[in-house]
Amino acid sequence: MGIWRRLLLFGGVSLRAGGGATAPLGGSRAMVCRRQLSGAESETLKQRRTQIMSRGLPKQKPIEGVKQVLVVASGKGGVGKSTTAVNLALALAANDSSKAVGLLDVDVYGPSIPKMMNLKGNPELSQSNLMKPLLNYGIACMSMGFLVEENEPVVWRGLMVMSAIEKLLRQVDWGQLDYLVVDMPPGTGDVQLSVSQNIPITGAVIVSTPQDVALMDAHKGAEMFRKVHVPVLGLVQNMSVFQCPKCKHKTHIFGADGARKLAQTLGLEVLGQSLLEDCCGSGKKIAITFRMIPQVSWKFAWY
């Protein structure tokens with residue numbers, strides 16, 4: 001007889017496979033009945049649990065001057081998330097020149113927006129002591145990369161990272177923006193939760209390659225946003241296929257249609273996909289139709 005079974009028996013309780021419990025008392029058995037909740041009681045209990053869990057959550061407060069926030073995320077690094085965020089911001093500006101677009105990099109440990117947007121320098125301070133975004137290609141940009149040296153690692157613990165995120169969200173003078181594209185770090189941790197719970201988000205775009213491990217993490221990323229009630233607008237399949245620049249033969253290096261299959265599983269749409277050809281130095285632009293917000297359709301290209 002196993003030790004846990006002996007403890008249960010000698011303690012007066014014996015477990016049954018059916019889920020009920022019996023207590024051997026002097027050779028007789030007394031049933032321990034579980035109270036069944038009615039439908040109304042069960043719903044009341046769920047509501048009460050939701051209220052208790054929401055007590056510690058921060059109240060969402062819009063970023064001053066920003067109309068819509070779009071987050072670009074992935075469950076895994078190295079899938080082209082920042083590249084997608086940059087091109088999405090450029091596409092929004094190109095689609096309608098009257099729209100003001102900003103790009104916020106909240107990847108504290110590995111900021112890549114300064115390099116991709118060809119920006120260097122430190123942000124100036126406004127009269128209200130807020131940081132002014134750096135501007136290039138008509139896009140206002142803010143990143144931790146502007147606040148530290150290019151090759152200096154950010155060796156911080158969680159509390160310092162969360163403090164930095166709060167400053168990037170609340171202490172930047174964006175002026176008036178129609179769209180703010182947020183480049184999220186990989187994973188489903190503190191930063192993602194903090195951003196999702198502190199500001200209202202129009203929707204999230206999940207980026208993945210067709211490779212199985214990337215898709216598995218992208219699935220987790222999509223489910224995370226659903227749990228915090230952020231609409232998932234769709235998936236972008238990056239590096240979907242390599243096309244030889246000479247013979248035009250296509251090779252699915254990371255597998256074929258992985259993001260499409262995941263999108264079907266999640267009930268989402270594949271918003272666009274890119275060829276691997278652009279990573280080979282050809283300089284060719286790959287045009288992709290990208291549909292995300294209702295009544296807004298545009299094309300953008302990887303360089």
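The values are calculated or read from the model by the stated rules, or taken from the named source; none is laboratory data. The model shown is predicted, which means the values in this text are computed figures rather than measured ones. Here the Cβ positions follow ideal geometry from the backbone for every residue, glycine too, while neighbour counts run over all protein chains shown. Side chains are part of the model used for accessible areas, which takes the heavy atoms of the whole protein and leaves out ligands, DNA and RNA. Shrake-Rupley method; radii C 1.70, N 1.55, O 1.52, S 1.80 Å.
Listing for the model above:
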quantity	calculated
Carbon plus sulfur fraction of accessible area for segment 154-276, probe 1.4 Å, in percent	56
Sequence-distant residues sharing a close amide H with V182 (under 5 Å, placed H)	L70, V71, V72, L104
Principal axis dimensions, segment 64-216 - Cα atoms, whole angstrom, descending	48, 38, 30
Order by protection proxy (mean Cβ within 10 Å, highest first), peptides 108-120, 229-241	229-241, 108-120
Lysines with Cα under 18 Å of K248, excluding same-chain neighbours fewer than 8 positions away	K284, K285
Partners for K81 among aspartates and glutamates (Cα-Cα distance below 16 Å; same-chain residues under 8 apart left out)	D105, D107, D183, D217, D278
Sequence ranges 166-176, 207-217, ranked by mean other-Cβ count within 10 angstrom, highest first	207-217, 166-176
Members of K227/K261; K59/K120; K115/K246; K61/K120; K76/K99 lying beyond 26 Å, as alpha-carbon distances in this model show	K59/K120; K115/K246; K61/K120; K76/K99
